[in-house]
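**Q** Take a look at this one; I'll ask things after.
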Amino acid sequence: DSGVTQTPKHLITATGQRVTLRCSPRSGDLSVYWYQQSLDQGLQFLIQYYNGEERAKGNILERFSAQQFPDLHSELNLSSLELGDSALYFCASSSGKGNQPQHFGDGTRLSIL
Amino acid sequence: GESVGLHLPTLSVQEGDNSIINCAYSNSASDYFIWYKQESGKGPQFIIDIRSNMDKRQGQRVTVLLNKTVKHLSLQIAATQPGDSAVYFCAEVYNNNDMRFGAGTRLTVKP
């Protein structure tokens, strides 16, 4: 058990809809990272927050946004969903800003019908 | 492994043998490297890391080797067990937070 909790485990929705994925980091970790894992693209870094502030941005679409709250949990919002957004979304956390192991949750599987 | 690519490199070894998984990284300025293991239905799990000022690091049954000259990273697993069957990813970190993952290698351990 990594200590990172993601909810929900599975999400099925339709094109055009909006969903929110939630992540609780390991106790004491200040950084939260979001990744997308799809069959044809592997693990793609989306965004990192550190202690409530956005720290790094990767291949995140404009339709996607995230935030980290004062209690350090994070939410990833995906809007105007398209079929191609179907993927596993992982959250990871680490204690510092970078150059440390990241501990991953078990992901949310998003299926767009 | 349903969460990973369809055309992953694969490595099949006999239980008890040593395994070597290779990874070529892209950025010569990357200064931190990590190996992760991903089992079916789970998130990547940290195995071992190494910083660019080292060329070898050992853990429990695992060793990571770093060759910066050719931008190559390897993971050696001693006495491979059926529980080691998984997809293994290397990751390189540049500029303290830009992390890129390799495509992964599927390791299958035959009993």
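The values are calculated or read from the model by the stated rules, or taken from the named source; none is laboratory data. In this text the structure is predicted, and so the values were computed from the model without any measurement. Positions of Cβ are generated from backbone atoms using ideal geometry, with glycine treated the same way; all protein chains shown enter the neighbour counts. Accessible surface areas use protein heavy atoms only, side chains included; no ligands, DNA or RNA. Shrake-Rupley method; radii C 1.70, N 1.55, O 1.52, S 1.80 Å.
**Q** Just to verify a result, which residue in the stretch B:56-91, among those that are open to solvent by less than 20 Å² (accessible area, probe 1.4 Å) and over 11 Å from the mean Cα position of the chain (by Cα), is farthest from the other protein chains (Cβ to nearest Cβ)?
**A** Of everything passing the filter in the stretch B:56-91, B:Thr80 is farthest from the other protein chains (Cβ to nearest Cβ).
**Q** Answer with yes or no whether B:Thr108 is surrounded by fewer than 18 Cβ atoms within 10 Å (Cβ to Cβ), β-branched (Val, Ile, Thr) and either under 13 Å from the mean Cα position of the chain (by Cα) or over 18 Å from A:Ser94 (Cβ atoms) (or both).
**A** Working: surrounded by fewer than 18 Cβ atoms within 10 Å (Cβ to Cβ): yes; β-branched (Val, Ile, Thr): yes; either under 13 Å from the mean Cα position of the chain (by Cα) or over 18 Å from A:Ser94 (Cβ atoms) (or both): yes.
Against the criterion (surrounded by fewer than 18 Cβ atoms within 10 Å (Cβ to Cβ), β-branched (Val, Ile, Thr) and either under 13 Å from the mean Cα position of the chain (by Cα) or over 18 Å from A:Ser94 (Cβ atoms) (or both)), B:Thr108 qualifies.
**Q** If you go through the stretch B:15-25 one residue at a time, do you hit one that is surrounded by 18 or more Cβ atoms within 10 Å (Cβ to Cβ), among the aromatic types (Phe, Trp, Tyr) and in a strand (DSSP E or B)? Lay out the reasoning, then the answer.
**A** The first filter runs over the stretch B:15-25 and keeps only residues surrounded by 18 or more Cβ atoms within 10 Å (Cβ to Cβ), leaving B:19, B:21, B:23, B:25.
Still in the list and also among the aromatic types (Phe, Trp, Tyr): B:25.
With in a strand (DSSP E or B) added as a condition, the list becomes none.
Within the stretch B:15-25, none of the residues are surrounded by 18 or more Cβ atoms within 10 Å (Cβ to Cβ), among the aromatic types (Phe, Trp, Tyr) and in a strand (DSSP E or B).
**Q** Regarding A:Arg109, is this residue within 14 Å of another protein chain (Cβ to nearest Cβ) and farther than 16 Å from A:Pro25 by Cβ? Outline the logic, then answer.
**A** On the way: within 14 Å of another protein chain (Cβ to nearest Cβ): yes; farther than 16 Å from A:Pro25 by Cβ: yes.
Here the answer is yes, as A:Arg109 does meet what is asked.
**Q** Here is a further query. With respect to the numbered conditions (1) in contact with a strand residue (DSSP E or B) (Cβ under 7 Å, 6 or more places away or on another chain); (2) open to solvent by 30 Å² or more (accessible area, probe 1.4 Å); (3) without any contact (Cβ under 8 Å) to a residue 40 or more places away in the chain; (4) more than 11 Å from chain B (Cβ to nearest Cβ), which one is the sole condition not fulfilled by A:Thr15?
**A** It fails just one condition, (3).
**Q** Would you confirm whether or not the stretch A:57-72 contains a residue that is in contact (Cβ under 8 Å) with a residue 12 or more places away in the chain, within 12 Å of chain B (Cβ to nearest Cβ) and closer than 11 Å to A:Tyr33 by Cβ?
**A** Yes, because at least one residue in the stretch A:57-72 is in contact (Cβ under 8 Å) with a residue 12 or more places away in the chain, within 12 Å of chain B (Cβ to nearest Cβ) and closer than 11 Å to A:Tyr33 by Cβ.
**Q** Return the total of residues in the stretch A:38-53 being more than 16 Å from B:Ala103 (Cβ to Cβ) and more than 13 Å from the chain's Cα centre (by Cα). Spell out the reasoning first.
**A** Pass one, the stretch A:38-53, residues more than 16 Å from B:Ala103 (Cβ to Cβ): A:46-53.
Filter again for more than 13 Å from the chain's Cα centre (by Cα), leaving A:50-53.
Here the count works out to 4.
**Q** Scan the stretch A:1-12 residue by residue and report those that are open to solvent by less than 60 Å² (accessible area, probe 1.4 Å) and not in a strand (DSSP E or B). Give the steps one after another, and end with the answer.
**A** Quick first cut of the stretch A:1-12, residues open to solvent by less than 60 Å² (accessible area, probe 1.4 Å) only: A:2-4, A:6, A:8, A:11.
Scanning the stretch A:1-12 gives A:Ser2, A:Gly3, A:Val4, A:Pro8.
**Q** Looking only at the stretch A:73-81, decide whether some residue is of a type outside the set (Asp, Glu), at the interface with chain B (Cβ under 8 Å from one of its Cβ atoms) and on the phi < 0 side of the Ramachandran plot.
**A** The initial filter retains those residues of the stretch A:73-81 that are of a type outside the set (Asp, Glu), namely A:73-74, A:76-81.
Restricting the remaining residues to those that are at the interface with chain B (Cβ under 8 Å from one of its Cβ atoms) gives none.
Among the residues of the stretch A:73-81, not one is of a type outside the set (Asp, Glu), at the interface with chain B (Cβ under 8 Å from one of its Cβ atoms) and on the phi < 0 side of the Ramachandran plot, which makes the answer no.
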